[in-house]
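First the structure, in the form of structure tokens, and then the observations on it.
The values are calculated or read from the model by the stated rules, or taken from the named source; none is laboratory data. Since the structure is predicted, the reported quantities are computational estimates derived from the model, not experimental observations. Note that each Cβ is placed from the backbone with ideal geometry, even for glycine, and that neighbours are counted across all protein chains shown.
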Amino acid sequence: MDSKIKRRAILISIGMILLVVIVAVSGNLSRLKNRFSEKEEEETTESEAPSRIASLTEDEAAGEDGETEDSGNYAKEGFAGSDPSLQVGDDLRAFMREETFFDRELTSYEKRLLEENEKGLYIVTTSVEQDLRIQILDNSGAVVTGVPFVINLKDNGSYKDQDKDGIIYISGLRAGEYEVTLSEVADYEVPKPTLVSVKDKVAYTAIPDITLLMKTEADIIAEEEDTEQKDALEDADDTEIVDIRDLGGEGQMGIDVSKWNGSIDWDRVRNAGITYAIIRCGYRGSSTGALVEDPYFRENMQGALNAGLKVGVYFFTQATSEVEAVEEASMAIALCRDYKVTYPVFIDTEGAGGNGRADGLDIETRTKVCQAFCQTVEDAGYTGGIYGSRNWFRSRLRMDALENHVIWLAEYRENPVYAGNYHFWQYTSSGSVDGIEGRVDLDISYLAY
């Protein structure tokens, strides 16, 4: 009897163990089946996604109100995909960068985005002092010309781009906030109205978008615009030295050059004993006032630096106001950014043959122009300086107001008779240096660079 009970107990235990095993296996199979089913569903969803995206209507892509998330900002912001902070799905133009994008037919929504990207405009505004310069740009960042744009300032009237150069300048504005609107124009998408601030006083700070105003000599009539004259020639006498001086440790020998000197062999210049060069970066047109880059500036800068010379720059001014002086300084700063400039950035205040737009400035205005230029380049971290002849410094500028800046004197005689302080001396415009064809300006720097 005991043995029967014992056998029965063993059989019951084995049965219970088998039951547990069967239940466990059944549960695992069910979970595996669900996982395979879910993965199959995900793969199906992913395979169908492109066709669903391609079939979106404009209304579905834009939302209930018919506007996309970045509607109205396409022209200003460019491709949203360039912003690393965007979430997945925020970049409505991502399809444009797909490898297969141009191999398939576009949806109407995609076509509309492409058209808006091509036709979109945006405006760039700057204010120096109670003024506003508005530039109309396309999506490539180029100023749009040939269109008579009209800008509306809320409660202040409308202003038309009369010469169709894509730039509208408004002066005489009261300081404060203005709402700027670009009027509708055929074949373009205009940006939304924007608020801009007009400054009350001159801010001696470089204009960040000054490159939009800069031109090359291909854009102008150079012989009418580049008319600087060396006023020091009128004061020269027969004692002028025309060779490289033996300084005896009293200063550093240098040259100043521009497009008039042509191509230069800078290694030969260095071997001739020249240690630095002051290179013209640009000029303001004597007639139109255009800001023009010297066509040899980049070649000269790179050549001089590669040869081991130190460099500074100068800009021939025809500014008639502090605002224009800030523009000129901003251009010089923009051109210097790609180079190691350790010598000063000078404003050249010579005349332009008597008919230049700035030749008739009064002493006070011309002095303020020089101050504005120097303070702007100094605000950008450079050393500011003023170039002029002895007579120019005596009769055209108030030098006591400029004593905090570097003074570059042009006086063509063996020993200068200028009574004021100066840090550079251009002692001839008829010098000769190996590596430069023709005459060249020779200079001495008394600063310990």
Residues in region 406-446 that are surrounded by 13 or more Cβ atoms within 10 Å (Cβ to Cβ), free of Cβ contacts under 8 Å to residues at least 60 places away in the same chain and assigned to a loop (DSSP other than H, G, I, E, B): how many?
6
Matching residues in region 403-429 (of a type in the set (G, A, S) and under 18 Å from G254 (Cβ atoms)) number 2
When residues of region 169-193 are filtered for being farther than 28 Å from A290 by Cβ, surrounded by 17 or more Cβ atoms within 10 Å (Cβ to Cβ) and aliphatic (A, V, I, L, M), how many remain?
0
Positions within region 346-365 being touching a Gly at 6+ places or on another chain (Cβ under 6 Å) and surrounded by 20 or more Cβ atoms within 10 Å (Cβ to Cβ), in sequence order
F346, T349
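Can you tell me how many residues in region 254-271 are of a type outside the set (F, W, Y) and touching a strand residue (DSSP E or B) at 6+ places or on another chain (Cβ under 9 Å)? Reasoning before the result, please.
Residues of region 254-271 of a type outside the set (F, W, Y): 254-259, 261-265, 267-271.
Cutting the leftovers down to touching a strand residue (DSSP E or B) at 6+ places or on another chain (Cβ under 9 Å) gives us 254-259, 261, 264, 269.
The total comes to 9.
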Please list, ordered by first then second residue, the pairs with beta carbon atoms under 7 Å, 6 or more apart or interchain, first in region 320-335 and assigned to a helix (DSSP H, G or I), second surrounded by fewer than 24 Cβ atoms within 10 Å (Cβ to Cβ) and among the acidic types (D, E).
E322/E129; V323/E129; V323/D131; L335/E293
Yes or no: region 255-270 includes at least one residue that is touching a Ser or Thr at 6+ places or on another chain (Cβ under 9 Å) and not acidic (D, E).
no
Just one of the numbered conditions (1) outside any loop (DSSP other than H, G, I, E, B); (2) in contact (Cβ under 8 Å) with a residue 24 or more places away in the chain is not true of L247; which one?
(1)
Just for region 197-213: of the residues that are loosely packed, with under 15 Cβ neighbours inside 10 Å and within 10 Å of the chain's Cα centre (by Cα), which one is nearest to D131 (Cα to Cα)?
P208
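Can you go through I347, I279 and tell me which one is assigned to a strand (DSSP E or B), within 23 Å of I255 (Cβ to Cβ) and in contact with a Cys (Cβ under 8 Å, 6 or more places away or on another chain)? Before you say what the answer is, go through the steps one by one.
On the way: I279 fails: in contact with a Cys (Cβ under 8 Å, 6 or more places away or on another chain).
The unique qualifying residue is I347.
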Hey, does region 375-388 have a residue that's part of a helix (DSSP H, G or I) and either among the aliphatic types (A, V, I, L, M) or modelled with pLDDT under 95 (or both)?
yes
